[in-house]
Amino acid sequence: MSTFKGQERALRADRLGTGGLLLSVLAATAPLMVVAGVMPTTFAVMGIVGQPLLFVLLGVVLVLFGVGYAEMSRHVHNAGAFYAYISRGLGGTAGASAALVALVAYNALQVGIYGVFGFEVSGLFATYADLEIAWWIPALVAALVVGALGWLKIDVNAKVLGVLLVVEVALVVIFDIAAVADPGKEGLSLHAFNPDTLTGAGVGTALCFCIAAFLGFEQAPVYAEETSRPHILVPRVMFLAVSGVAVFFALSSWALTVAAGPSAIVGESQKQSAGLLFSLTESRLGGTFTDVLHVLFVTGMFAALLSFHNVVARYAFAMGREGLLPAAFGRTTGASGAPGTGSLLQTAVSVVIVIAFAVADDKPAGDPTEPVLHLFTWFGNIGALGVILLMAAASFSVVVFFVRRGAAGAQAGRLLTSAVAGVALLVIAGYTVKDFDVLVGAGPGSALSWVLPGTIGLALVLGLVQGAVLRARRPEAHARIGLGNEAFQLEKAAEQTS
């Protein structure tokens, strides 16, 4: 294996087993943040009671996506999962474009959470310590702590994520049970699963909100090089993650409708927003439980920050290794075997953006300032759009990959599911772009409705240009896109035989 000053161009294998990989992936879904934040927002903004049914339908779509995606993971083991798969199917130029889109999208998803994290931590200090601090202070501290953890061994990260995730999920499950045991005035109604609840113009946009809650399960192949049996563990973890998330969120959103009442859930969500869950738990489980839930809300966001940070660092590593970023990004650091330069890049991006939004914040400490809300909604939806497009492209690349290998007959079922998933994901992406003003809370005709999604469009175009230039000027580097460590193993073998 090629080395440079103690650094390697491959991630350390055997760091993660099924449990560690599953916890690393699920942490990005931030279950408590979804239940407390995304679900009430979807009820409030879209006015659709049938959110639990949407989670079931999206679960089906993403399982279909996962069938081909998982099969591809048996053939390609690369930390740049999405772009590696896309380059293998649609070519190196498309892969270069996907790489830049992935880097921008996952950075945006990670950075966006700092806004809500900082605001919630400042609120905890104000409530329990009677201390007013600006939101950006805990946000910057978190960025530095996440950056430090990013330099550690991935199995250490997995343990941190695992503890936070298990406790977080346990508390949500306790609420679900309490809601069923003590329902609202309408009792244990299953009205939220009635297809009639999905009629109306807001369904497409509600799908955009809900699919963002799933983001994280698709990250499993990013860690393929760090598992002992990626061809077995990666598919297993993906299906466990997407099916588990679908069931968990469907039941939890249903529990919200049961606790508040199907006829009242929209009005209560509009009235209380992110406070809805805490209001419902306080009346059923008491103030102490609700206080703990507030704290776990923060730690859950921290787990998501760390999970997305790890993914961004590994994408940067894969891109540096294949010439899409400077070579320094393509080497691991020290005894931990972590992609240290990629971790530094992600930390720097986070710090710069948080500082920029802090400068724009002219509100007193502790206020729900517009910069905080914008940081979360703008960047979160930019990231979600990018990942949806990547999933759609990956679905079609799976089809092309196996057709080119002459395996269309043997893989016919998987190719059909991939094609169906790809079309469904493109439809959701279309709704996301169409209703971006609603998603980010901008007024009709606002420039934000095209500037923000245009960020992903710009990354896509710049990536295509980079791929085309690389193909013309450095065809050998272009040919390596998507091959990952395989390319360097081939180089090593060639050097030894020459």
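The values are calculated or read from the model by the stated rules, or taken from the named source; none is laboratory data. The structure presented is a predicted model; accordingly, all values stated were derived computationally and were not measured. FYI the Cβ positions are ideal-geometry reconstructions off the backbone, even for glycines, and counts take in every protein chain you see. Side chains included, ligands, DNA and RNA excluded: accessible areas come from the protein's heavy atoms. Shrake-Rupley method; radii C 1.70, N 1.55, O 1.52, S 1.80 Å.
Numbers for the structure displayed
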| item | result |
| --- | --- |
| Among 406, 217, 184 the positive-end extreme of the charge dipole of the chain (Cβ point charges) | 406 |
| Accessible area of the range 307-347 divided out per residue, in Å², using a probe of 1.4 angstrom | 19 Å² |
| Accessible area in square angstrom per residue, the range 84-154, 1.4 angstrom probe | 32 Å² |
| Amide proton proximity set for residue 338, modelled H, under 5 Å, gap of 5+ | 333 |
| Listed residue (386, 43, 478) projecting farthest to the positive dipole end of the chain, Cβ model | 478 |
| Karplus (6.51, -1.76, 1.60) ³J(HN,Hα), θ = phi - 60°, over the range 307-323, in Hz, Gly and Pro reported as x | 5, 5, 4, 4, 5, 4, 4, 6, 5, 4, 4, 4, 5, x, 5, 10, x |
| Dimensions (Å) - the range 317-467, Cα atoms, principal axes, largest first | 63, 48, 28 |
| Karplus (6.51, -1.76, 1.60) ³J(HN,Hα), θ = phi - 60°, over the range 339-352, in Hz, Gly and Pro reported as x | x, x, 5, x, 5, 4, 4, 5, 5, 4, 4, 4, 4, 4 |
| Accessible area in the full protein assembly, largest first, 1.4 Å probe, for 190, 324 | 190, 324 |
| Charged-residue dipole, Cβ positions (Lys, Arg, Asp, Glu), the chain about Cα centre, Debye nearest 20 | 1880 debye |
| In order through the range 419-431: 3J(HN,Hα) via Karplus (6.51 cos²θ - 1.76 cosθ + 1.60), integer Hz, x for Gly, Pro | 5, 4, 4, x, 5, 4, 5, 5, 4, 5, 4, x, 5 |
| Accessible surface of the range 338-462 [probe 1.4 Å, protein heavy atoms]: carbon and sulfur percent | 72 percent |
| Ordering of 426-434, 117-125, 90-98 by burial proxy (mean other Cβ atoms within 10 Å per residue, highest first) | 90-98, 117-125, 426-434 |
| Angle in degrees between helix 154-181 and the longest Cα principal axis of the chain, rounded to the nearest 10 | 30 degrees |
| Sulfur and carbon atoms: percent of accessible area, the range 80-137 [1.4 Å] | 69 percent |
| Degrees separating the helix 485-497 axis from the principal Cα axis of the chain, which is the longest one | 20 degrees |
| Residue 182 - accessible surface, heavy atoms, 1.4 Å probe, Å² rounded to 10 | 80 Å² |
| 1.4 Å probe accessible area per residue over the range 364-461, in Å² | 43 Å² |
| Relative contact order %, the chain, counting alpha carbon pairs below 8 Å whose residues are six or more apart | 34 percent |
| Cβ charges +1 (Lys, Arg) and -1 (Asp, Glu), total dipole of the range 256-356, debye | 280 debye |
